[in-house]
Every structure is written in structure tokens, then in C-alpha cells.
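These notes concern the structure reproduced below.
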Amino acid sequence: MATTSKTNIVLTGLARRFVEDGLIEEQAAKDAFFQANNNKIPLITYLVQNNLAASRGLAYSAAMEFGIPVLDLSAFLSDTAPEKLVDEKLVRKHNALPLFKRGNRLFIALSDPTNIQALDEIKFHTGLSTDAILVEEGKLKEAIDRYVDANDMTMQGLEDSDLEDIDVSGGEEEDRGAVNVAETEDAPIVKYVNKVLLDAIRGGASDIHFEPYEKTYRVRYRTDGILHEVSKPSIKLAPKISARVKIMAQLDISERRMPQDGRIKMKLSKTKAIDFRVNTLPTLWGEKIVLRILDPSSAKLGIDALGYEDDQKQLYMEALAQPQGMILVTGPTGSGKTVSLYTGLNILNTPERNISTAEDPAEINLEGINQVNVNTKVGLTFAEALRSFLRQDPDVIMVGEIRDLDTASIAIKAAQTGHLVLSTLHTNSAAETLTRMMNMGVPAFNIATSVSLIIAQRLARRLCSCKEPLDVPKDVLLKEGFTEEQIETGFTLYHPKGCDKCNGGYKGRVGIYEVVRITKAMSSMIMEEASSIELSEQAQKEGFRTLRQSALLKVMQGMTSLEEANRTTKD
């Protein structure tokens, strides 16, 4: 698309139709057209993504404009869709879903009737004539996800017999004999554990908890950051479930007195495998086992999918482009620090760079990056790994976490001697990160001259499309932190409703960020050993949003609710 000036836009075609049908005000339509044009995405997609117009209304208005039939995808039987006829890449690229085939004609679901390129390209690849059927943008995305999953063994409806045959391995020196014995002796337990793992993957869970108590046993998933119970097998099965998981992770099934760590690789298809990080913990009534689901695709989401505002994204990209310096990502456990770091590493991962990481442990394998698992039992600490990295001609170094003065000192030395260093700390804000390093014993001068960017972050649950508007009095908005100017511009607050496609009104998560570049003024304050409060005030003076301000911005954009913003960032 050619870049268009915002001032001379004359609405035609679909955009004009949407205004005439009362779906959107004319000025808002011009702004949306301008933004969609510059972002190179369809107007309908932009309107739906930014909650500027109802998906259903847009579909029917477009259908009237182009004389194309509309289909309600929620009432469409997906099993009639021709499997593997259209490549997944084409489906994703054009946001176009093959619905059904009649003779040599293929009917394609589109949300944008102007997307003639999709029909032409699918026609070229399939050799079939293509006809468009209009559908709602929101429902189309969900249907495409289901279609892609249905073409992958990962998400097929598995029968009991299939659940036994999933390829599971726990390590390179796996004792297949032990696994086969367990499978032969207690096939129902094998099926049950496999089903729990598969259901967790399907449901987008991040962790699975197997928990024994005196008279009960429960299984919980952590989905979108919240734990919820999914199963309560008999307490009599606790030892068998524990043994099965430990066999899968290649742990010692006879050791029940000490914690153990392991890993499971579940191969779901020829091209899809999921890793689980496993930890066992002896409790009063048996072993509690927690599995962290490590999906490699989460490391390749791309920076645009993480939720950074445009100015924050630019700050991160500028810091990554520097040949040296230190980028610190901070926040509590489970706040998405690893994904932010891996996203940065993927951007930097080119044949011209030597990248090494020290992690505890390396959660996701990244092709082209030298990853090291620290092992304190043999003396391979973060600090020791860093020393070795510096002797291996690195360009970029990632340290899983700065925990002590020794690690911090070497990381800072690396940042000052021509290396780009990425790492994490467990602090609550950008300013607290600086004072934490001072408290560790790192000289203020070294911090001021090496740290270039700090990202503090949280993960908030994203509202599902079933969300409902919420009226909130002005005095309450002011109390929550919204400014007079924000309130006067007008925005709609939403709260969760809940439907059969979400978890209590939420589906997925979005990142909330405080991105602070260390400016000259802040460097001077660091060398004067200013407090975290003073540093935070200076960052705000220079235009860097706090976590709370970023959370409220996401509320104004309709991405999350005020109560969720309060849960993740309330002071």
C-alpha cells in the first residue's frame, strides 16, 4: 500500500460504506484508514483489533457493498473443511480459510472482500476455482487456528488407543525398557497422564500441578497466570501417577525423599514437539510434581506480538542495535522475562554474530545460539560461564539472572568492553533495578556507564471478545490514575463477561511494560547514588511510562480490564 497523508483522505468503497451504515464516525474512519494503510493491514482487521467497530456489523455491511454471502462460522461444521488442501502458510498469510469443495470449486472464508490476491494465489496452488464467502474477522481467526491444529496430529481428537502411542522421551540416555514395562503394566495410567499433558497444551496452560493430600489428589493447570482445578483422580493412584511422570522424565522412581529435576520431550507429530521441565517435591502426603510447559513457538512470537507500545518497542530495538551495553529485563517469576529476552536474541541471531547464553536451565533451544546450562554442583555458575564466554570472542551474551556481585561485576565488565549483554533481575520496577545493583556492591560509576536500557514487565490477562462495556464514574477513574486529559478524550472501559471460548472472560495474555533508557541526567543521579524514588521521578519527567501508566493505557485500548490492571500493577 502507498503511504497516504492523513489530511487529504477521501473515504471511498468499504470505508465510506461503514460510515454510511453508522458503524464508525467519519473522522475515526479516516484515522483508521490511515493507520491500516501505514501498517499494511486490511481496514477491517485494524477496526476489529482496535475495537473501533463490531466484527458482525462490518461483515454484513461489507457483504451488502460487494454482494457476497455472509456465513456465521460459529454454526459451520468444521469437519467439512478440506484437510491439507491449502498450505498452512497460505492460510495464515492471507487470513483465508478453505470451507468446502464442490466439484472443481473451492469456497474460501474471508473477512476482507477486497482480498482478491488470496483467491488468486489459492487458485494457483490448488488448481481449483475459488469463490469468496464473507465471515466475521474475530471468528475467522479462531477458525483458522482450529483448521491448522486439525491438520497437525497435536490437536486431533485422540482415542484411548492413540494416547498410549505418543512418543515420549526424557533424555538422551533414556531407559526404554523401564518405560515399556510401565506402559505394559499400567496402560490406563499412561493414557491418563498423556491426556493431562495434551489437554494442558490444547488449553494453552503454562504449568501442570500434580498434588497429593491426605485423602484427595488433584491436578491443576495454570492458564493465563491463574491456577484452576481440572481433575481429581483417586488418592490411591497417586504413587502410580508420580512413578509414570518420573519415568517419562528419566528420574529415579525409588527416590521419594529428595527433590528431583528432569525434562520430558513429547513428540506430537513429525514436526511438532513440546518440552516439559519437571520438578518433584516430597510433601507430607506424597510427591508434588510440577511440569512447566516449554513451547518453542513462544520464543518466536516476534516483538509485535508481545504488547509493547510503539515508543517502547523503538527503545528496545535501538538498544539491541547498539554494539555494547547492558539490557536488563526485570519482574517477578512468570512475568514473561524469558520471552522478552528470547525475542531480543532472535532479532540479534544472524550469521555475523557470536551469541552465548548461560541459563538455569535453558528452557527453549534456539538454533544458532550457544546455550549453556549452569551447574553449581560441578562449579559451573553464571559467573564461571561468563568468564568462559569472554574467552570465546562473543558479540552478544545473555545471562539468565544476575544473582550476586561476582556475576554482576563480570557482566558489567563485558558490557564495558565491546559486548552487548542481556540479563534479568527480580525487581519490581526499573528504578529499583538500579538501586538493587548498588546494594549488591556494584560501584555506581560502573552501573551508570554500562546499563543502557531497563525493561520492567508484567503479564495481564487479555479480555475475550465477549467483553462488555463498563460505566465508571469520573472520580473513580481519577482515583485509579487516569488523567483529566485521558478522561476528556473519551474511551470505553470493558469488563469480563465469560463465554464457552474463554476462561472467565479472559483469553491469552498481554505484556505491560516500563521501558526506561538510561539518559545522561539519570546517569548523573546514579553516580550520586540517588534513591529509587528519585530515579523513578526523573524517568517520568523524561517521558518514560511507569508500569501503572502502561497498564491503564492497555485498559483504555480495551485489551484488559481495570480489575486486571489493578491485580498486576496496583501500588
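Filter the chain for me: DSSP H helices, axial length by Cα at least 18 angstrom, mean Kyte-Doolittle hydropathy not below 0.5. List them by residue number.
Both cut-offs are met by 187-202.
Protein chains only, probe 1.4 Å: how do 116, 274 rank by accessible area, largest first?
The residues order as 116, 274, largest area first.
Counting only the heavy atoms of the protein chains, how much of residue 199 is accessible to a 1.4 Å probe, in Å² to the nearest 10?
Approximately 50 Å² for this residue.
Given a 1.4 Å probe and heavy atoms of the protein chains only, how would you sort 461, 257, largest accessible area at the top?
Largest accessible area first, the residues go 257, 461.
Considering only Cα-Cα distances, which of the following residue pairs are longer than 30 Å: 123/267; 195/501; 497/570; 30/93; 474/541?
Table pairs above 30 Å Cα-Cα are 123/267.
Kindly report, to the nearest 10 Å², the accessible surface of residue 72 as traced by a 1.4 Å probe over protein heavy atoms only.
Estimated to the nearest 10 Å², residue 72 gives 60 Å².
Can you tell me, using C-alpha contacts under 8 Å and at least 6 residues apart, the relative contact order of the chain as a whole percent?
Relative contact order here is 9 percent.
How much mean residue ellipticity at 222 nm does the chain get from its helices, if each DSSP H run of length 4 or more adds -39500 (n - 2.57) and you divide by all residues, to the nearest 500 deg cm²/dmol?
Taken over the chain, the calculation gives -11500 deg cm²/dmol.
Skip the ligands, DNA and RNA, and give the accessible area per residue of region 386-491 with a 1.4 Å probe, whole Å².
About 45 Å² of surface per residue is accessible.
Probe 1.4 Å, all protein chains in place: accessible area of residue 401 in Å², nearest 10?
In the full protein context, residue 401 sits at about 40 Å².
Shape of region 458-534 from its Cα gyration tensor (a ≥ b ≥ c, root eigenvalues): rounded if a/c is under 1.5, otherwise prolate when a/b > b/c, or oblate?
Because a/c hits 1.5 or more and a/b fails to exceed b/c, region 458-534 counts as oblate.
So for the chain, Kirkwood radius off the Cα pairs, Stokes-Einstein at 37 °C and 0.692 mPa s: how many µm² s⁻¹?
Taking Rh from Cα pairs, D becomes 123 µm²/s.
Can you pull the percent of region 363-405's accessible area that's carbon plus sulfur, 1.4 Å probe, other chains left in place?
The computed percentage sits at 43.
On a 1.4 Å probe surface of the protein chains, which of 445, 491, 66 comes out largest in accessible area, and what is the full order?
Highest to lowest solvent-accessible surface, that is 445, 66, 491.
The values are calculated or read from the model by the stated rules, or taken from the named source; none is laboratory data. Remember, it's a predicted structure, so these values are computed and weren't measured experimentally. Surface areas here come from the heavy atoms of the whole protein model, side chains and all, with no ligands, DNA or RNA. Shrake-Rupley method; radii C 1.70, N 1.55, O 1.52, S 1.80 Å.
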